[in-house]
Protein chains: 2
Amino acid sequence: MRWTDIDQQDCSVAQALSVVGDGWTMLILKEAFMRVRRFEEFLDRTGAPRPILSDRLKALVDSGVLEKRKYSERPDRFEYRLTEKGLDLWPVLISLLRWGDKWMTTDEGPPVEVLHRRCGHTVHPEMACPECGEWLTATDVEAHRRRIPAPR
Amino acid sequence: MRWTDIDQQDCSVAQALSVVGDGWTMLILKEAFMRVRRFEEFLDRTGAPRPILSDRLKALVDSGVLEKRKYSERPDRFEYRLTEKGLDLWPVLISLLRWGDKWMTTDEGPPVEVLHRRCGHTVHPEMACPECGEWLTATDVEAHRRRIPAPR
DNA sequence: CTCTTGCGTTCAGATTTAGAACTTACTAGG
DNA sequence: CCTAGTAAGTTCTAAATCTGAACGCAAGAG
């Protein structure tokens, strides 16, 4: 199977990965959450090669994660903003950040701090279930398929 | 910058992505959380090409996310299990699942169900802050760098 | 007129991927 | 003994993708 056909799998994770499964894509989104909006700034911050950035931004716009908006005419200049769909990826990025903080840490402490807008204190978000209110980790749950996978 | 040098960025997300930023890698981990442990089963479930699977498993073992364990001698047979470090990636996978469920859904409903082991009901995990107990989304928080990035 | 900025595209060479075939080591069946 | 099957890989080649540099274009600054 080719990676480009991954969206054919009957699995929400595979579907999600068909959009954000690429490393540069994720890095671009991370910067987008840090309020980066312009081509050249994405280039500087991510370090991605120019054609890659161009390609990934195009794909993200196509999939509705980013919106390309003109912020200047004469000359035409564009910026890329997270849509509602894109903003909903926040838990993915935050989870990666938390994991990186915990397991890939250097001696200088975490490079990025996440502050609660309302009260200004540092937050360390974790997963919980809105229905029962309990904190959740891998061992608290069990995932299973609801449909039988198509025979190959 | 090459993708392989991405771990040099002073950012926990980039550090995390240097380990799990690859699409097949994530797909492999998803299956690992679904209790897949053997080479041939990963092959069937992910649809990844053989050499890719071999390479990615090796990398995941090297980075301490999976543990390679012999489950048979004569002939030697191995299985791959999530370590504690690997289990901690659960929020990343669950976030991808939730996002896929919401935004990439087909008409048949979500393919995978996540059940709370204790009470057996379906859970839809979300992000919250353990300190203040509030539910969090992208717009509730503000991220900023604690260190000045090295000049290029 | 030349330089700079912003946002790209194009190109050639290096790297990676995809898919099939092959390897190794053992078991089971006839 | 011979053949087939299973599990876990490795090796090979063509095709696709990535990388880095150069180029394009439209406008403003000096």
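The values are calculated or read from the model by the stated rules, or taken from the named source; none is laboratory data. All values reported here derive from a predicted model rather than from experimental measurement. Cβ: placed from backbone, ideal geometry, glycine included. Neighbour counts: every protein chain shown.
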From A:R77, A:R38, residue being away from DNA strand D (no atom under 12 Å from the Cβ) and more than 14 Å from chain B (Cβ to nearest Cβ) = A:R38
Where A:K102 falls short, out of the listed (1) surrounded by 19 or more Cβ atoms within 10 Å (Cβ to Cβ); (2) away from DNA strand D (no atom under 16 Å from the Cβ); (3) assigned to a helix (DSSP H, G or I) = (1)
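What number of residues within segment B:1-22 satisfy the criterion of being surrounded by fewer than 20 Cβ atoms within 10 Å (Cβ to Cβ) and not in a loop (DSSP other than H, G, I, E, B)?
Looking only at that region, the number is 5.
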When you go through B:A59, B:A16 one by one, which is the residue that is away from DNA strand D (no atom under 16 Å from the Cβ) and under 30 Å from A:E108 (Cα atoms)?
-> B:A16
Being more than 7 Å from every other protein chain (Cβ to nearest Cβ) and either within 16 Å of DNA strand C (Cβ to nearest atom) or within 19 Å of the chain's Cα centre (by Cα) (or both), is that true of even one residue in segment B:84-93?
-> yes
Scan (1) among the polar types (S, T, N, Q); (2) in contact with a helix residue (DSSP H, G or I) (Cβ under 8 Å, 6 or more places away or on another chain); (3) farther than 26 Å from B:L97 by Cβ for the single condition A:S95 breaks and write down its number.
-> (3)
Name every residue in segment A:32-54 that is in a loop (DSSP other than H, G, I, E, B) and touching an Asp or Glu at 6+ places or on another chain (Cβ under 7 Å), in order of residue number.
-> A:R37, A:R38
Yes/no for B:I52 being within 15 Å of DNA strand C (Cβ to nearest atom), more than 8 Å from chain A (Cβ to nearest Cβ) and β-branched (V, I, T) | yes
Has segment A:55-66 got any residue that is within 7 Å of chain B (Cβ to nearest Cβ), within 14 Å of A:L29 (Cα to Cα) and assigned to a helix (DSSP H, G or I)?
-> no
So A:V65, is it β-branched (V, I, T) and buried (at least 22 other Cβ atoms within 10 Å of the Cβ) | yes
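Go through the residues of segment B:125-146 one by one and say whether even a single one is farther than 19 Å from A:V114 by Cβ, modelled with pLDDT of 95 or more and assigned to a loop (DSSP other than H, G, I, E, B).
Taking segment B:125-146 as the starting set, the residues that turn out to be farther than 19 Å from A:V114 by Cβ are none.
The answer is no; no qualifying residue exists.
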Counting only residues in segment A:68-82 that are touching a helix residue (DSSP H, G or I) at 6+ places or on another chain (Cβ under 9 Å) and under 22 Å from B:T139 (Cα atoms), the one surrounded by the fewest Cβ atoms within 10 Å (Cβ to Cβ) is identified as A:K68
